[in-house]
Amino acid sequence: MICGVSTACLYPKLLEESLYDLAVSGVSAVEIFINTHSELKKSFACGIADTLNRFDVKCLSLHPFTCEMEQMMFFSPYERRLNDILEYYRLYFQFMNIVGADIFVFHGGKGSTSAPREPFCERFSRLFRLGKEFGITVALENVSRCQSSSPAFVRDVAKILGSEFAFVLDTKQAVRAKENPFSFLDAAGDKTVHVHISDSGELGDCLLIGKGRFPIKKFMTRLYELNPNCGVVLELYRNGFTGISDLVTSYNILSKMADSVQQGGLV
């Protein structure tokens, strides 16, 4: 189990500056959030890879800036859009190959969580297979405004897709959808390959670790039982912390928890 921090936490700071700040602060793993098209250029990717290598930081995953377009591009009846977006997503996968990332975060479609599962699964499968051509695992993330906000939806598509399914669990998005994050663990099981984590409680649904009431130790223990190789990335909005030292403190807490879980120190 590897812990890290998302560069998205420091938005709107430039991606390369966010990565550098996290790296010099001792964060050993990150998720990279691509913010715009120009950041997908090979020269830019090579610069990011140089920073990762210089500070011995591992890139666990990549989050695309086009996530808000996925309903229109992947799930409309206009076939040419799907072909075009699959071609465009090759740029993300090429970037990931350069920086060494393995997990690609996918929001998926919006709409009713009770809609038929098969149309979603057919489109997701095409992207999943494309990712595999690059050695990338495409993983569906639960998002409160998307079909994936429901544990029942996640359970159903996981069953239909079988080996062509992987899952990213976002704890704050589960809370926003009025769902228990543990319900998503039950739904996705060992297909849970990546986690966006934050604390939650009376002060909000996206808090620094230790500022809420979410049972993080219990959660990480269950997560480790399902998939000991899962990455756990701190993802906070910019108004949820004061400075980078807050992120580093939460990252260090998570890392100690992960170490304890792997040593069998948590109940």
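The values are calculated or read from the model by the stated rules, or taken from the named source; none is laboratory data. Owing to the predicted nature of the structure, the values given are computational and were not obtained by experimental measurement. Don't worry about glycine lacking a Cβ; one is built from the backbone with ideal geometry, like all the others, and counts go over all protein chains shown. These area figures cover heavy atoms from the full protein model, side chains too; ligands, DNA and RNA do not enter into them. Shrake-Rupley method; radii C 1.70, N 1.55, O 1.52, S 1.80 Å.
How do the pairs read when you match residues in the stretch 20-49 that are in contact (Cβ under 8 Å) with a residue 24 or more places away in the chain with residues anywhere that are among the hydroxyl-bearing types (Ser, Thr, Tyr) and in a loop (DSSP other than H, G, I, E, B), using Cβ under 8 Å and keeping only pairs 6 or more apart or on different chains? As it stands, the answer is 33/11; 35/11, since those pairs meet every condition given. Close Cβ contacts (under 9 Å, 6 or more residues apart or on different chains) running from residues in the stretch 208-219 that are closer than 17 Å to residue 260 by Cβ to residues that are modelled with pLDDT under 95 and open to solvent by 100 Å² or more (accessible area, probe 1.4 Å) comprise 217/267; 218/267. A residue that is of a type in the set (Ser, Thr, Tyr), farther than 21 Å from residue 153 by Cβ and open to solvent by 60 Å² or more (accessible area, probe 1.4 Å) can be found somewhere in the stretch 214-226.
Against the list (1) without any contact (Cβ under 8 Å) to a residue 60 or more places away in the chain; (2) surrounded by fewer than 21 Cβ atoms within 10 Å (Cβ to Cβ); (3) within 14 Å of the chain's Cα centre (by Cα), the condition residue 104 fails is (2). With respect to the conditions (1) at pLDDT 95 or above; (2) in a loop (DSSP other than H, G, I, E, B); (3) open to solvent by less than 60 Å² (accessible area, probe 1.4 Å), residue 113 falls short on a single one, namely (1). Residues to consider are 175, 193, 233, 168; find the one that is touching a strand residue (DSSP E or B) at 6+ places or on another chain (Cβ under 7 Å), surrounded by 14 or more Cβ atoms within 10 Å (Cβ to Cβ) and without any contact (Cβ under 8 Å) to a residue 40 or more places away in the chain. Checking each option against the conditions leaves just 175. Counting only residues that are of a type in the set (A, V, I, L, M, F, W, C) and open to solvent by 20 Å² or more (accessible area, probe 1.4 Å), which one in the stretch 61-72 is farthest from residue 93 (Cα to Cα)? Only one residue tops the list, namely 72. Listed by first and then second residue, the pairs with beta-carbon distance under 8 Å, at least 6 apart or on different chains, first residue in the stretch 112-127 and without any contact (Cβ under 8 Å) to a residue 12 or more places away in the chain and at positive phi, second in a helix (DSSP H, G or I) and surrounded by 12 or more Cβ atoms within 10 Å (Cβ to Cβ), form an empty list.
When the residues of the stretch 236-259 are filtered to those that are over 20 Å from residue 169 (Cβ atoms) and small (Gly, Ala, Ser), the one that is least open to solvent (accessible area, probe 1.4 Å) is 243. On the stretch given as the stretch 98-129, residues that are out of contact with any Phe, Trp or Tyr (no Cβ under 7 Å at 6 or more places or on another chain) and more than 26 Å from residue 178 (Cβ to Cβ) total 12.
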